[in-house]
Amino acid sequence: NTTFTTSTTSFTRKNIVVKVAPAEWESVSKPFSIRNQNVAKAVEDAIFRIETIKPSKVEKGKEDEYIQVLLISPTSSPNQKVPLVLRPHGGPHSGFSTNFDWGNAFMVSQGFAVACVNYRGSIGYGMSMLSSLPGHCGRQDVDDCMDALRHVLKLKIETKAYSKATSSKSDVLSYDKDNVMVWGGSHGGFLTTHLIGQFPETFCRAATRNPVTNCAFMVTETDIPDWCYIEGGLGPYHPGKFLSREQMAKLYNMSPIAYASNIRTPLLMLLGMKDLRVPPSQGLNFFKTLKAKGVETRCLTYPESTHSLSDSVRTEADVWINVVHWFKMRS
């Protein structure tokens, strides 16, 4: 028999040895706990930081609001600028945590730094910040992502301690402002397509999974029309309620399609053809719009997949491999 001990509990099971150390949020540096040695080796030198950022635009009385970025960087290219992937999460009321994320690990192993943005509206930061986003989607969350990106691009991170004994200089890691990509799914795809439309000179490449691109159309197609009402600032949803012309215009204007004419960034779209949450028509219409404009665009469809594109290991692996390949075509 073996006794299990954590910071709060202990219990016994037969023929199993487990040691669990208490977590300390403030001292997080390498939040990887990996059994597969090939994966562990690929990311063992990764640098992990949590950056807290003040938004550039805040309402009066909400000056204590902030954005957080979970920044994971490779150290394989000291004193060279690293390509950066900005990654906003979906939801929008979800969030990135310090749990192991194999997609991030894969990108880092391929030489990319990843900036995971918890914009205002993410869970885990209190009700006030969470409820600040509905009615301001397409503006507040977009601005927060750009504030996060500007902050990260200014960072210079030492990757080796300075040694007086040897007088050796530290290796310095910084990020390449000319090699910034953006990747997100669902509401993260909403933000990805917004960002390349509102800031067409910023991103060299983009990829998106099942993105919301036109809320005015989506409200009649999705299995969660209440999402469109709440996030669009239209109030509670009722099945017998019909949108006014003004409300339709509001949903359209908060959507990425309103900025599609500005887009020049090459875009990869990945769509689950059985997605009921964000119907594939959202992505297909956006894809056709960009193709008609002559923008470099590629669309991959998964006939049996739903919203997350994680219905099978094969599908999920195919998604990540294609995203990284798309980014490597530029970097």
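The values are calculated or read from the model by the stated rules, or taken from the named source; none is laboratory data. Since the model is a prediction, treat every value here as computed from it, not as a measurement. Using ideal geometry, Cβ is built from the backbone for each residue, glycine included, and neighbour counts are taken over all protein chains shown. The protein model used for the area step is the full one, side chains on, heavy atoms only, and it has no ligands, DNA or RNA in it. Shrake-Rupley method; radii C 1.70, N 1.55, O 1.52, S 1.80 Å.
Restricting attention to the range 241-256 and to residues that are open to solvent by 50 Å² or more (accessible area, probe 1.4 Å) and not in a helix (DSSP H, G or I), the residue that is modelled with the lowest pLDDT turns out to be Lys241. Quick one: would you say Leu149 is open to solvent by less than 20 Å² (accessible area, probe 1.4 Å) and touching a Cys at 6+ places or on another chain (Cβ under 9 Å)? For Leu149, the condition - open to solvent by less than 20 Å² (accessible area, probe 1.4 Å) and touching a Cys at 6+ places or on another chain (Cβ under 9 Å) - is not met. If you check Leu309, Leu300 for being in contact with a Gly (Cβ under 6 Å, 6 or more places away or on another chain), among the hydrophobic types (A, V, I, L, M, F, W, C) and over 16 Å from Thr192 (Cα atoms), only one passes: Leu309. Annotation: of all residues in the range 257-273 being under 18 Å from the mean Cα position of the chain (by Cα) and over 12 Å from Pro200 (Cβ atoms), the one that is surrounded by the fewest Cβ atoms within 10 Å (Cβ to Cβ) is Leu268.
Taking into account only those residues within the range 215-269 that are aromatic (Phe, Trp, Tyr) and out of contact with any helix residue (DSSP H, G or I) (no Cβ under 8 Å at 6 or more places or on another chain), which is farthest from Gly184 (Cα to Cα)? My answer is Phe242.
Residue-by-condition table, conditions (1) modelled with pLDDT of 95 or more; (2) part of a helix (DSSP H, G or I); (3) open to solvent by 50 Å² or more (accessible area, probe 1.4 Å); (4) closer than 21 Å to Asp143 by Cα:
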{"residue": "Phe48", "(1), (2), (3), (4)": "no, no, no, no"}
{"residue": "Lys60", "(1), (2), (3), (4)": "no, no, yes, yes"}
{"residue": "Val69", "(1), (2), (3), (4)": "yes, no, no, yes"}
{"residue": "Asn79", "(1), (2), (3), (4)": "no, no, yes, no"}
{"residue": "Gly90", "(1), (2), (3), (4)": "yes, no, no, yes"}
{"residue": "His93", "(1), (2), (3), (4)": "yes, no, yes, yes"}
{"residue": "Phe100", "(1), (2), (3), (4)": "no, no, yes, no"}
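Quick grid of which residues meet (1) assigned to a loop (DSSP other than H, G, I, E, B); (2) touching a Ser or Thr at 6+ places or on another chain (Cβ under 9 Å):
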| residue | (1), (2) |
| --- | --- |
| Gly184 | no, yes |
| Pro211 | yes, yes |
| Thr222 | yes, no |
| Pro239 | yes, no |
| Ala258 | no, no |
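Looking only at residues in the range 120-146 that are more than 28 Å from Asp176 (Cα to Cα) and among the aliphatic types (A, V, I, L, M), which one is surrounded by the most Cβ atoms within 10 Å (Cβ to Cβ)? My answer is Leu133.
Checking every residue in the range 156-179 against the condition of being touching an Asp or Glu at 6+ places or on another chain (Cβ under 9 Å), of a type in the set (Val, Ile, Thr) and either within 25 Å of Val319 (Cβ to Cβ) or open to solvent by 30 Å² or more (accessible area, probe 1.4 Å) (or both) gives at least one match. Residues in the range 148-205 that are at pLDDT below 95 and among the polar types (S, T, N, Q): Thr159, Ser163, Thr166, Ser167, Ser168, Ser170, Ser174. May I ask you to verify whether Ser244 is more than 19 Å from Gly138 (Cα to Cα), more than 20 Å from the chain's Cα centre (by Cα) and touching a residue at least 12 places away in the same chain (Cβ under 8 Å)? In short, no. Do we find that Thr265 is in contact with a Phe, Trp or Tyr (Cβ under 6 Å, 6 or more places away or on another chain) and assigned to a loop (DSSP other than H, G, I, E, B) in this structure? In short, yes. Whether any residue in the range 281-294 is assigned to a loop (DSSP other than H, G, I, E, B), touching a residue at least 12 places away in the same chain (Cβ under 8 Å) and surrounded by 15 or more Cβ atoms within 10 Å (Cβ to Cβ) is what I want to check. No, that holds for no residue.
If you go through the range 224-237 and keep only what is in a loop (DSSP other than H, G, I, E, B) and either crowded, with 18+ Cβ neighbours inside 10 Å or in contact with an Asp or Glu (Cβ under 7 Å, 6 or more places away or on another chain) (or both), you end up with Gly232, Leu234, Tyr237.
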